[in-house]
Amino acid sequence: MSSIFARRYRGFRVIEIFALTLLLLLVLGVYLAKTVAGGERTEIARLDREISAERVRTRLLKAEVAYLEQPRRLERLATNYLGLEPIKAAQEIESDRLAEIAARLSPPRPAPAPAAPETDAAAASDEPVPATPGENLQ
């Protein structure tokens, strides 16, 4: 083992060349790790900006919904555009009377037409009826 430490290559000991190579690899590894971490840090910052922009948008949408759901605004729209009015006390009824009012407001149904009684025995049979001389046959 002592021969590895004592062996030389172009004036340098092999162990020094190995240590220098290892040091360069470590420096390169740290540099690459910092570069990757910087890229991830940039990505995290971009995502944080997107999250805060979405929070602002969410707050704006909630404010818009609150505005659109205001009772005064809805009442004004219903009155102006749809011609609706608030319910009067006289219009309120009990649930027991709903069937009576529905029957009174629904249009009457026409009675079914009675079946015509057959008076002729020939009409009741399946045989064809002969034409009379004055009928126009086409």
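Every number in this text was worked out from the coordinates using simple rules, so none of it is lab data. Note that the coordinates shown come from a computational prediction; the quantities given were computed from them, not determined experimentally. Note that each Cβ is placed from the backbone with ideal geometry, even for glycine, and that neighbours are counted across all protein chains shown.
Projected label points at Gln91 and Thr58, each 7 Å from Cα along the beta carbon direction, are separated by 4.0 nanometres.
Take the Cα radius of gyration of the range 1-116 and divide it by 2.2 N^0.38 Å, with N its residue count; two decimals is plenty.
Values: Rg = 42.8 Å, N = 116, 2.2 N^0.38 = 13.4 Å.
My calculation over the Cα atoms of the range 1-116 gives 3.20.
Taken along the Cα-to-beta-carbon direction at a fixed 7 Å, the label points for Ala102 and Glu75 span 3.1 nm. Principal axis analysis of the Cα atoms in the range 61-100 yields extents of 46, 21, 15 Å, listed in decreasing size.
Averaging the Cα positions of each part gives two centres, and for the range 23-62 and the range 83-113 these lie 66 Å apart. Of the trypsin sites (Lys or Arg not before Pro) found in the range 1-89, those that fall in a DSSP loop while having at most 12 other beta-carbon atoms within 10 Å are Arg7, Arg10, Lys88.
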